[in-house]
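Inspection log for the structure reproduced underneath, given as structure tokens.
The values are calculated or read from the model by the stated rules, or taken from the named source; none is laboratory data. Here the structure is a predicted model, which means the values were calculated and not measured. Using ideal geometry, Cβ is built from the backbone for each residue, glycine included, and neighbour counts are taken over all protein chains shown.
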Amino acid sequence: MTEHPNLCIVGAGAIGGLFAGRLADAGETVSVLARGRTLEALRKEGMRLESQGRSMAPKVRASDDAAELGRQDVIILAVKAPALRDVARSILPMVGPDTVIIPALNGIPWWFFLGGDHPLAGTRLRSVDPDGSIEAHLPVDQVLGAVVFASASTPEPGFTRHASGNRVVVGEPRGGTSERASAVAAIFARAGFDAVASANVRADIWTKLLGNACFNSASLLTGAYTDAMIDDPRLHETFVTMMDEALAVGERLGLPAQVASRERIALTRGLGHIKTSMLQDVEAGRPVEIESILGALVETAAAARCPAPTLNTVYALARMRAQVLGLLPG
């Protein structure tokens, strides 16, 4: 990989806008695959980002046509999980044999159990990729796993506001170190991110999943921000139980705990008054990521034969709530 590769961000929402803005501001060559009002805003006003106390307006190339943008060295998928199946097909003109594909997604990604030598190896998550089309279009060998610990929002199309968090973790799906993972981490580090290449990105994904599975699904049910939910004693204990169940599943899968439940909850409480991404989607009338975030966890627990009664209950309630709101994917 060259020192300054061609980068394409697919999706210029909260995280996509944060990545595109910061990377372009750092001097990287950045394209954005976008559509609708977001594309219109990018073409008319350019990329706009508020991050780390700065207002940025870096130049990016924006299009809704992957063929127009051409082959890319690195493609970062910053879309919601429900859109991934269509996106996987649409980006093919940008993908060459050496293109690195980085899904910056919430929840358990489609590739999580594909390849490698670990429990449930070869298992396709039907809650995420029911017909295998994502797997078919995005080969695991070209994928780098990623975890993003940041909170951002899009008050209007083409404008991103970065609230907190600056950590980006990348790593090989099968584990271990690689030159391409280190190179990608270095690109993010040059843009001011706290970026590292992890030798066990699956464990990092599982650690983030602890918070997403609890706080996102509960916000879908309650409409509350994270601080209000965590400060409620009954809901706080529910979060502890959910995380303990998820940690037990992780242990069975060889994904050791990196943090205890109460510590993980305290980390989120320390971020303050945060509106989850799922609550943002509910308020915007967008399909929610309940399947990739909690459905995939429940599916994994069942496949691992690990009891998860509270996770199952919250998933059933949250899924029905999404269905009633007309926001359940598919």
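At-a-glance table
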item: Pairs, first within 24 Å of LEU120 (Cα to Cα) in segment 251-276, second among the polar types (S, T, N, Q) and modelled with pLDDT under 95, C-beta under 7 Å, six or more apart; result: GLN258/THR207; VAL259/THR207
item: Segment 160-182: number of residues that are within 28 Å of GLY46 (Cα to Cα) and surrounded by fewer than 19 Cβ atoms within 10 Å (Cβ to Cβ); result: 6
item: Those residues of segment 283-317 which are part of a helix (DSSP H, G or I) and surrounded by fewer than 20 Cβ atoms within 10 Å (Cβ to Cβ), in sequence order; result: GLU283, ALA284, GLU299, ALA302, ALA303, PRO309, THR310, ASN312, THR313, ALA316, LEU317
item: Output for segment 226-247, where each listed residue is acidic (Asp, Glu), without any contact (Cβ under 8 Å) to a residue 60 or more places away in the chain and assigned to a helix (DSSP H, G or I); result: ASP227, ASP231, GLU237, ASP244
item: Index of the failed condition, SER31 passing every other in (1) part of a helix (DSSP H, G or I); (2) more than 20 Å from ALA150 (Cα to Cα); result: (1)
item: Residue list for segment 192-225, filter: in contact with a Gly (Cβ under 9 Å, 6 or more places away or on another chain) and among the small types (Gly, Ala, Ser); result: ALA197, SER198, ALA199, ALA203, ALA213
item: Segments classed as strands (runs of 3 or more DSSP E), wholly inside segment 42-144, with at least 1 members that are small (Gly, Ala, Ser); result: 48-51, 54-56, 61-63, 95-103
item: Considering residues of segment 35-46 that are in contact with an Asp or Glu (Cβ under 9 Å, 6 or more places away or on another chain) and buried (at least 18 other Cβ atoms within 10 Å of the Cβ) only, the residue nearest to MET94 (Cα to Cα); result: LEU39
item: Test: ILE265 is assigned to a helix (DSSP H, G or I), in contact with a helix residue (DSSP H, G or I) (Cβ under 9 Å, 6 or more places away or on another chain), buried (at least 18 other Cβ atoms within 10 Å of the Cβ) and not basic (Lys, Arg); result: yes
item: Which numbered condition LEU294 misses (of (1) out of contact with any Phe, Trp or Tyr (no Cβ under 6 Å at 6 or more places or on another chain); (2) in contact (Cβ under 8 Å) with a residue 40 or more places away in the chain; (3) under 19 Å from PHE112 (Cβ atoms)); result: (1)
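To keep it simple, each residue is scored yes or no on (1) small (Gly, Ala, Ser); (2) surrounded by 20 or more Cβ atoms within 10 Å (Cβ to Cβ); (3) under 20 Å from VAL168 (Cα atoms).
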site	(1), (2), (3)
VAL10	no, yes, yes
ALA24	yes, yes, yes
VAL32	no, yes, yes
ASP86	no, no, no
MET94	no, yes, no
VAL100	no, yes, yes
ILE108	no, yes, yes
PHE113	no, yes, no
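Residue-wise test of (1) among the β-branched types (Val, Ile, Thr); (2) over 15 Å from ILE76 (Cβ atoms); (3) outside any helix (DSSP H, G or I); (4) within 16 Å of the chain's Cα centre (by Cα).
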{"site": "ARG161", "(1), (2), (3), (4)": "no, yes, yes, no"}
{"site": "ASN166", "(1), (2), (3), (4)": "no, yes, yes, yes"}
{"site": "VAL170", "(1), (2), (3), (4)": "yes, no, yes, yes"}
{"site": "GLY176", "(1), (2), (3), (4)": "no, yes, yes, no"}
{"site": "VAL184", "(1), (2), (3), (4)": "yes, no, no, no"}
{"site": "LYS208", "(1), (2), (3), (4)": "no, yes, no, yes"}
{"site": "ASN216", "(1), (2), (3), (4)": "no, yes, no, yes"}
{"site": "LEU221", "(1), (2), (3), (4)": "no, yes, no, no"}
{"site": "ALA224", "(1), (2), (3), (4)": "no, yes, yes, no"}
